[in-house]
1. Hey, among 126, 170, which residue is modelled with pLDDT under 95 and more than 21 Å from residue 69 (Cα to Cα)?
2. Return only the number of the condition from (1) part of a loop (DSSP other than H, G, I, E, B); (2) modelled with pLDDT of 50 or more; (3) acidic (Asp, Glu) that residue 229 does not satisfy.
3. Mind listing just one residue for me: the one in the stretch 65-99 that is in a helix (DSSP H, G or I), open to solvent by 10 Å² or more (accessible area, probe 1.4 Å) and out of contact with any Leu (no Cβ under 9 Å at 6 or more places or on another chain) and, of those, farthest from residue 6 (Cα to Cα)?
4. Run residue 239 past the list (1) at pLDDT 50 or above; (2) assigned to a helix (DSSP H, G or I); (3) surrounded by 15 or more Cβ atoms within 10 Å (Cβ to Cβ) and report the number of the one that doesn't hold.
5. Counting only residues that are open to solvent by 20 Å² or more (accessible area, probe 1.4 Å) and either in contact with a Cys (Cβ under 8 Å, 6 or more places away or on another chain) or not charged (D, E, K, R) (or both), how many does the stretch 100-114 have?
6. Among the residues of the stretch 37-52, count how many are modelled with pLDDT of 80 or more and surrounded by fewer than 20 Cβ atoms within 10 Å (Cβ to Cβ).
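The values are calculated or read from the model by the stated rules, or taken from the named source; none is laboratory data. Because the structure is a prediction, the values reported are computed rather than measured. So basically every Cβ, Gly included, is an ideal-geometry build from the backbone, and we count neighbours across all protein chains shown. Ligands, DNA and RNA are excluded from the accessible area calculation, which covers all protein heavy atoms including side chains. Shrake-Rupley method; radii C 1.70, N 1.55, O 1.52, S 1.80 Å.
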Amino acid sequence: MSTVLSVNVGRVRTVGPVRSGIDKRPVDGPVAVAAPGPRGHGGSGLAGDDVWDLRHHGGDDQAVYVYAREDLDDWSADLGRPLASGSFGENLTTAGVDVSATVVGEQWQVGDDLLLEVSDPRIPCRTFADFLAERRWVRRFTERAAPGTYLRVLRPGPVRAGDPIRVVLRPDHGVTVRTAFRALTTAPQLLPLLGPATQLSAEVRDLVRRRVPVAMDADAADPEDPGPEDAGAGDTDAGADRATGRDAGVAVGDER
């Protein structure tokens, strides 16, 4: 059975050079979830969960961030250290869901009342790297292509650990979160495939229309990490380290 393993919320604190709500911790009891409002005004969809940078994070299309416990366990094995639920800044840690293989626009009923819709993949940024304290983290996370997903709230309701997750609608276009993530980062040649996925956010759909990959925050300077002049022109995975801006038209990362 697909379930919510953990519900995680966070308060703003300093992470590297910025303030961020990425540090999520599991909480007991039900948490109210509702659409927070448009980007720039609304933050997280979960009551008691902070978003610091409202210009770039939060809002209706990023109301809830979900990551699979199974993917956290894979990363834990790779990194050689335990990763608690919430370690990637996710609001919901799931069990029994291949989150990155979900279809954009898929609708989940969580518990008895809450209805969520898969929207955009999570794009990593330097705050995420600073929080994890892992070298080359943006590149490594991007290459794995297991980004987890944001969801919007279609019907408000409470969520608690142990709630079942039931897919009640799956669009037939077949565009998965993983495909959208790769198209937006390392494989822009896939961008035309995203056209039918109208449930992507308006910002991402604008990038798809213009055939422009998302601009991502680069990793912190690393003398062992090749810069753009050293990366092969045909190496699409190097794209994760070439762009450093925030202004490609879509929010990056997770300074929630």
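1. On the way: 170 fails: modelled with pLDDT under 95.
Among 126, 170, only 126 is modelled with pLDDT under 95 and more than 21 Å from residue 69 (Cα to Cα).
2. Only one criterion is unmet by residue 229, namely (2).
3. So the residue we want is 78.
4. (1)
5. Of all residues in the stretch 100-114, those open to solvent by 20 Å² or more (accessible area, probe 1.4 Å) come to 101, 107, 109, 112-113.
After this cut, where a residue has to be either in contact with a Cys (Cβ under 8 Å, 6 or more places away or on another chain) or not charged (D, E, K, R) (or both) as well, the list is 101, 107, 109.
Going through the stretch 100-114 one residue at a time, the tally reaches 3.
6. Residues meeting the conditions: 4.
Each row is one residue, and each column tells you yes or no for (1) under 18 Å from the mean Cα position of the chain (by Cα); (2) in contact (Cβ under 8 Å) with a residue 24 or more places away in the chain; (3) part of a strand (DSSP E or B).
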{"residue": "4", "(1), (2), (3)": "yes, yes, yes"}
{"residue": "8", "(1), (2), (3)": "yes, yes, yes"}
{"residue": "14", "(1), (2), (3)": "no, no, yes"}
{"residue": "19", "(1), (2), (3)": "no, yes, yes"}
{"residue": "22", "(1), (2), (3)": "yes, yes, no"}
{"residue": "38", "(1), (2), (3)": "yes, no, no"}
{"residue": "44", "(1), (2), (3)": "yes, yes, no"}
